[in-house]
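Visitor: If you scroll down you'll find the structure; I have some questions about it.
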Amino acid sequence: MLAARFEARHRRGLLTLVALTLAAHLVLLGGIDISLPQRDASRAAALQVRTLTLPAAVPTVEAPPPAPAPATPEPARKPRPRQEPARVAPPAPAPAVAAVAVAEDEAPVQHGRREPDPEPVLQTQVEPAASAASPPAGDPEAIPPPLYATRLPPPLMLHYELRRGRLSGSGELLWRPAGGRYSLRLEGSVIGLNVLTQESTGTLEPHGLAPERFTDQRARRPMVAANFEREAGRIRFSGPSTELPWQAGVQDRLSWMMQLAGVAEAEPQHLASGERIVMQVVGARGDASIWAFRSLGPEPLAIFGDSLATVHLLREPRHPYDTRVEVWLDPARHHLPVRATMGSGDEDRLELRLREAIP
């Protein structure tokens with residue numbers, strides 16, 4: 001009974017507490033419903049005013065951004081026409097240089113300023129082209145060969161030892177001047193087989209040999225010839241259809257040996273160390289080049305047990321496949337070559353070493 005009463009009282013107390021709690025919530029909720037609309041209206045009004053003022057202020061702040069227009073490169077290109085007359089001031093260049101100048105004038109403009117004037121670069125590009133088009137000053141092979149006084153040796157037969165690469169044999173050079181004309185013939189053989197036959201014929205002039213015909217025949221190859229037509233002013237060849245202009249003093253691939261001896265005999269001052277003897281030399285296959293023999297001065301030469309006082313001359317090649325020529329002249333033998341090497345490489349080099357000279 002006591003428990004039932006206690007439970008009944010407890011329930012009444014809880015119900016009373018719940019009722020009071022609900023009543024308090026109703027009072028509070030009722031107060032909020034009555035006063036809150038007025039506060040929200042004032043805040044909404046304030047917010048409406050602010051939202052109306054913000055759009056008016058935004059245009060004034062956002063207006064400056066279009067100002068970057070001055071960064072466009074148009075104003076920077078205006079000075080360019082004023083500088084064009086300065087680029088036309090130098091002497092008229094070659095067409096290739098003018099094309100380069102136009103390309104340089106189209107250089108891009110960065111940050112409103114033009115790149116440095118490229119005129120000095122153009123000058124450095126022009127100078128190599130000019131030097132390639134014209135031979136360098138002071139080059140003895142860049143000027144027409146001079147004409148020399150000559151004193152040619154008497155008729156002789158020269159016996160040489162002939163070497164070509166690892167092969168060795170013999171060679172005979174027959175020199176026959178007579179009646180204002182000459183004939184010069186070189187024959188070479190290795191192991192009894194003829195490997196080389198060259199012949200030069202022509203006239204004798206105050207400046208030395210003037211070839212008219214030169215023939216060249218090598219082992220297992222057909223003979224080729226060069227014809228020097230003085231009256232027509234040309235040099236023609238039996239093989240290629242190329243024609244070269246004839247000029248006084250021109251020599252062939254065999255006559256140069258006697259011509260060099262004749263110049264050295266008549267004007268030995270050209271044999272001083274550093275001096276040169278220059279001549280144009282033409283082959284039978286349409287080739288022609290200037291040979292400038294530079295004197296290396298006196299040089300003792302031991303040959304077949306004899307010690308000879310010779311003068312060493314060198315013709316240096318001008319390109320990888322050009323002919324390198326070295327010759328040793330003997331003043332005691334009319335400045336005839338007692339040794340000579342010719343070729344563009346070790347395997348192709350032909351060497352002659354004098355054994356004896358027979359009148």
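Visitor: Between Arg318, Arg294, which is at pLDDT 95 or above and either basic (Lys, Arg) or within 19 Å of Arg163 (Cβ to Cβ) (or both)?
Guide: So the residue among Arg318, Arg294 that is at pLDDT 95 or above and either basic (Lys, Arg) or within 19 Å of Arg163 (Cβ to Cβ) (or both) is Arg294.
Visitor: Return the only residue of Gly208, Gly138 being within 27 Å of the chain's Cα centre (by Cα) and at pLDDT 50 or above.
Guide: On the way: Gly208 fails: within 27 Å of the chain's Cα centre (by Cα).
None of the others qualify; the one that does is Gly138.
Visitor: Which number in (1) out of contact with any helix residue (DSSP H, G or I) (no Cβ under 9 Å at 6 or more places or on another chain); (2) on the phi < 0 side of the Ramachandran plot marks the one condition that Arg220 misses?
Guide: The failed condition is (2).
Visitor: Among the residues that make up the range 180-203, is at least one of them on the phi > 0 side of the Ramachandran plot, surrounded by fewer than 16 Cβ atoms within 10 Å (Cβ to Cβ), among the aliphatic types (A, V, I, L, M) and at pLDDT below 95?
Guide: yes
Visitor: Here's another thing I want to ask about it. Do we find a residue being over 24 Å from Ala178 (Cα atoms), of a type in the set (Val, Ile, Thr) and assigned to a strand (DSSP E or B) anywhere in the range 210-222?
Guide: Among the residues of the range 210-222, not one is over 24 Å from Ala178 (Cα atoms), of a type in the set (Val, Ile, Thr) and assigned to a strand (DSSP E or B), which makes the answer no.
Visitor: Pick from the range 251-287 the residues that are β-branched (Val, Ile, Thr) and farther than 14 Å from Ala149 by Cα: which of them is surrounded by the most Cβ atoms within 10 Å (Cβ to Cβ)?
Guide: Step one: of the range 251-287, the residues β-branched (Val, Ile, Thr) are 263, 277-278, 281-282.
Cutting the leftovers down to farther than 14 Å from Ala149 by Cα gives us 281-282.
Values: Val281: 21, Val282: 23.
Among residues in the range 251-287 that are β-branched (Val, Ile, Thr) and farther than 14 Å from Ala149 by Cα, the one surrounded by the most Cβ atoms within 10 Å (Cβ to Cβ) is Val282.
Visitor: For Pro337, state whether it is within 26 Å of Leu147 (Cβ to Cβ), touching a residue at least 24 places away in the same chain (Cβ under 8 Å) and part of a loop (DSSP other than H, G, I, E, B).
Guide: When the stated conditions are applied, Pro337 does not pass them.
Visitor: Also, quick follow-up: At pLDDT 95 or above, under 14 Å from Ser295 (Cβ atoms) and outside any strand (DSSP E or B): is that true of Val278 in this structure?
Guide: no
Visitor: Something else: Given the criteria over 42 Å from the mean Cα position of the chain (by Cα), closer than 15 Å to His159 by Cα and surrounded by 19 or more Cβ atoms within 10 Å (Cβ to Cβ), does Leu336 qualify?
Guide: Details: over 42 Å from the mean Cα position of the chain (by Cα): no; closer than 15 Å to His159 by Cα: yes; surrounded by 19 or more Cβ atoms within 10 Å (Cβ to Cβ): yes.
Criteria not met by Leu336.
Visitor: Just the residues that are of a type in the set (D, E, K, R) and not in a loop (DSSP other than H, G, I, E, B), please, taken from the range 149-172.
Guide: Glu161, Arg163, Arg164, Glu172
Visitor: Okay, moving on. Of (1) surrounded by 14 or more Cβ atoms within 10 Å (Cβ to Cβ); (2) of a type outside the set (Gly, Ala, Ser); (3) modelled with pLDDT of 50 or more, Val126 satisfies all except one. Which?
Guide: Just one mismatch for Val126, condition (3).
Visitor: Filter the range 288-321 for residues that are surrounded by fewer than 19 Cβ atoms within 10 Å (Cβ to Cβ), closer than 18 Å to Glu351 by Cβ and of a type in the set (D, E, K, R) and give the result.
Guide: Glu299, Asp306, Glu316
Visitor: Please indicate, with yes or no, whether at least one residue in the range 272-283 is more than 34 Å from the chain's Cα centre (by Cα) and farther than 22 Å from Pro317 by Cβ. Steps first, answer last, please.
Guide: Going residue by residue through the range 272-283, those that are more than 34 Å from the chain's Cα centre (by Cα) are 272.
This time we only want the ones that are farther than 22 Å from Pro317 by Cβ, so: 272.
Scanning the range 272-283, I find at least one residue that is more than 34 Å from the chain's Cα centre (by Cα) and farther than 22 Å from Pro317 by Cβ, so the answer is yes.
Visitor: Hey, another quick one. Only one of these is farther than 26 Å from Pro298 by Cα, in contact with a Pro (Cβ under 6 Å, 6 or more places away or on another chain) and among the acidic types (Asp, Glu): Asp216, Asp252, Asp287. Name it.
Guide: One residue alone meets the criteria, Asp252.
Visitor: So, one more: Tell me which residues, restricted to the range 224-247, are among the hydrophobic types (A, V, I, L, M, F, W, C) and either in a strand (DSSP E or B) or in contact (Cβ under 8 Å) with a residue 24 or more places away in the chain (or both).
Guide: Taking the range 224-247 first, the residues among the hydrophobic types (A, V, I, L, M, F, W, C) are 224-226, 228, 232, 235, 237, 244, 246.
Listed by number, the residues that qualify are Val224, Ala225, Ala226, Phe228, Ile235, Phe237, Leu244.
The values are calculated or read from the model by the stated rules, or taken from the named source; none is laboratory data. Predicted, not measured: the structure shown is a model, and the values here were computed from it. So basically every Cβ, Gly included, is an ideal-geometry build from the backbone, and we count neighbours across all protein chains shown.
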